[in-house]
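The values are calculated or read from the model by the stated rules, or taken from the named source; none is laboratory data. Remember, it's a predicted structure, so these values are computed and weren't measured experimentally. Backbone-built Cβ (ideal geometry, glycine too); neighbour counts: all protein chains shown. The protein model used for the area step is the full one, side chains on, heavy atoms only, and it has no ligands, DNA or RNA in it. Shrake-Rupley method; radii C 1.70, N 1.55, O 1.52, S 1.80 Å.
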Amino acid sequence: MTNSLDVCILAAGVGSRMRSNLPKVLQTLAGRPLLAHLLDTVGDLNPAAIHVVIGQGAEEVKAAFSGRADVNWVFQAERLGTGHAMQQVAPHLSGDRTLILLGDAPLIRAETLQMLSEVDADLGVLTVDMPDPFNYGRIVREGEQVVRIVEEKDANESEKQILEINTGVMSAGTRCLKNWLERLDNNNAQQEYLLTDIVEHGNTDNAKVTAVKVSDPIEVTGINTFGQLAALERALQMNKAEELMASGVQVMDPARLDIRGTVTAGQGVKIDVNVVFEGDVTLADNVVIGPNCVITDSTIGDGTVIKANSILEQATVGDHCSVGPFARLRPGANLVSEVAVGNFVEVKKTTMGRGSKASHLTYLGDSIIGEEVNIGAGTITCNYDGVNKFETHIGDRAFIGSNSSLVAPVTIGAGSTVGAGSTISKDVDTDVLAVGRGKQVSVRNWQRPTKKKD
Ligand code: UD1
Ligand code: CA
């Protein structure tokens, strides 16, 4: 049993094969940095310490994870190889066992790491059979004992045929590990200090070196290029879509759904193509999401339909509402129930009560709207005077005629009607007609201008 575990994540590499200025571990998978995936996973192991080796873009990486006080950042000034990276961590290791992960393989599961850290061996190497093992370190075995890991550049023809590869994830007794790390040299094709050489030192010491093999390459696939990142993204998204479908959600095309966060869905939910979910999204029973919607950190109630091309962010949509097509719900939009918001309507920090409607071309910001209110096309709440924001209050059953400007702060009383084209800058009583527009006149004997002759 593991008493105290040090976790090390090697993330100092330049990611040169991506030709990107961003440190590789800050590249995103399912909307989150690669390192965030790993930190979440290793957190489940309750390690005594988490050491992350950084180099290229170290400040940027630290800044991106400034909230993680539990991480011990270890700076590797020169990138002289994975073994050299571990040599920088060695003085910080104080537990009984050490688990080593590579920062560019983000989908490893906590169960696998647990199994590896508990393996009954001085050194455990996580391996997998890769259909195409090119560029990976190959596992050379004698029965159960791993005798060597040979890198692509150092491998001979017969070693290159080996399909079992080093995932890069290892667990070792800390005392042995420190000793092996001291003995590394850079006499190899890469002229680097290769972590994989600890296997040979272990064998010299008659230590038990065991491979723990996983079955799914996706779990351990390392990312070196944007092509690999995209392939892993698709594989991860396919898994997420399959999970949703298995839970009873109808996904029209699992290859055209992106979940960058978590989606919790009830029964009878349908999701059309090209939908992107970000953050935490909750869909109640019988929700229908039309094509091309982007839904971020929002909650959607029972039987509600979000029609094509709608964008929701930090919105709360109640039961039996209809949103879109082409609607935009911004943070603080709260549609209570049976609300209809139609095309080219933008709602921000606004509550719309039961049965209220804004069907076309409207901006509602900083407003509290009662029940059964009808907002005509082209209505704008003028909530901003260039310096401050103000609220608009609209009472139950009010009817706002098309193309009205409601200059906040302003209150429209319940049951009142605002005539189309009004600019309302004074409060309106209950049950009245308010009209605020130029009177219509007809000019007799008026002549249209005619074209001038030169
Ligand atoms: C490594 C393994 C290889 C394995 C493969 C799995 C070694 C020598 N090779 O090769 O056996 O099959 O991963 O994906 O370990 N890093 C540092 N400092 C350095 C060099 C690397 O922190 O000086 C970090 C990188 O940021 C990266 C990780 O270590 O996250 C792996 O380095 P990389 O250069 O990608 O190793 P591979 O060639 O992929
Ligand atoms: Ca790699």
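Tabulated data
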{"item": "Which listed residue, of S442, S402, is among the polar types (S, T, N, Q) and within 21 Å of L361 (Cα to Cα)", "result": "S402"}
{"item": "Test set (1) surrounded by fewer than 21 Cβ atoms within 10 Å (Cβ to Cβ); (2) more than 16 Å from ligand 2 (Cβ to nearest atom); (3) closer than 24 Å to Y193 by Cα - G43 fails condition number", "result": "(3)"}
{"item": "Those residues of the stretch 166-209 which are within 13 Å of ligand 1 (Cβ to nearest atom), out of contact with any Lys or Arg (no Cβ under 7 Å at 6 or more places or on another chain) and under 15 Å from G124 (Cβ atoms), in sequence order", "result": "N166, T167, G168, V169, M170, L195, T196, I198"}
{"item": "Search result, residues across the stretch 210-239 that are within 15 Å of ligand 1 (Cβ to nearest atom), closer than 22 Å to L113 by Cα and of a type in the set (V, I, T)", "result": "V212, V214, I218, V220, T221, I223"}
{"item": "Residue under evaluation V61, criteria (1) closer than 28 Å to A189 by Cβ; (2) in contact with a Pro (Cβ under 8 Å, 6 or more places away or on another chain), criterion not met", "result": "(1)"}
{"item": "Selected residue [in the same structural domain as R32 (by TED's automatic domain parsing), modelled with pLDDT of 95 or more and either more than 15 Å from ligand 1 (Cβ to nearest atom) or not small (G, A, S) (or both)] from P91, P131", "result": "P91"}
{"item": "Lone qualifier among L194, L283, L244 - being modelled with pLDDT of 95 or more, surrounded by 19 or more Cβ atoms within 10 Å (Cβ to Cβ) and over 25 Å from the mean Cα position of the chain (by Cα)", "result": "L194"}
{"item": "Helices (runs of 4 or more DSSP H) contained entirely in the stretch 26-92, each with at least 1 residues that are within 23 Å of S4 (Cα to Cα) and not hydroxyl-bearing (S, T, Y)", "result": "34-43, 82-89"}
{"item": "Unique residue being over 33 Å from the mean Cα position of the chain (by Cα) and either in the same structural domain as S416 (by TED's automatic domain parsing) or open to solvent by 10 Å² or more (accessible area, probe 1.4 Å) (or both) when the list is A333, A340, A377, A358", "result": "A377"}
{"item": "Count - residues of the stretch 70-100 that are within 16 Å of ligand 2 (Cβ to nearest atom) and under 28 Å from the mean Cα position of the chain (by Cα)", "result": "1"}
